[in-house]
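Just so it is clear, none of the values below were taken in a lab; they were calculated from the coordinates. Since the structure is predicted, the reported quantities are computational estimates derived from the model, not experimental observations. Positions of Cβ are generated from backbone atoms using ideal geometry, with glycine treated the same way; all protein chains shown enter the neighbour counts.
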Amino acid sequence: MPRSWSRKRERQYEHIKDGLEDRGRSEDEAEEIAARTVNKERARAGEAAESSRSSTEDISSGRRGGLRSHRGSGGRTRDQLYNEARQKGVKGRSKMNKAQLEEAVGR
């Protein structure tokens, strides 16, 4: 974690990293995703010295995750469903479409 982060951002980083590790991501991958997410949020809030246009104008990572986490408009992505099917050991998952994966994982 960079020293320039506030305590809030450090807590946010740890929370994101722990959540990713709980979902099966490697520690290195979880650290990278968490750092990128926190840095983007810092840029959006005007806390970063420099920020890219995509960091400030794009939909926030929290909103994007919220849109995909429930059944809402489309629910989970096919990749999210595929990963859950893989964890559950569903046979033939690579040839399934999104609707078939939803049915196979039972949610």
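Figures for the structure shown
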read-out: Linear extension gain, Ser6 paired with Glu47, 0.36 nm per residue minus alpha-carbon span; value: 13.8 nm
read-out: Highest-first arrangement of 76-86, 23-33, where packing means the average Cβ count within 10 Å; value: 76-86, 23-33
read-out: Inter-site label distance for Glu14 and Gln100 at 7 Å from Cα along Cβ, in nm; value: 4.4
read-out: Amide proton proximity set for Val90, modelled H, under 5 Å, gap of 5+; value: none
read-out: Surrounding net charge for Ser51, when Lys and Arg each add one and Asp and Glu each subtract one, Cβ distance under 13 Å; value: 0
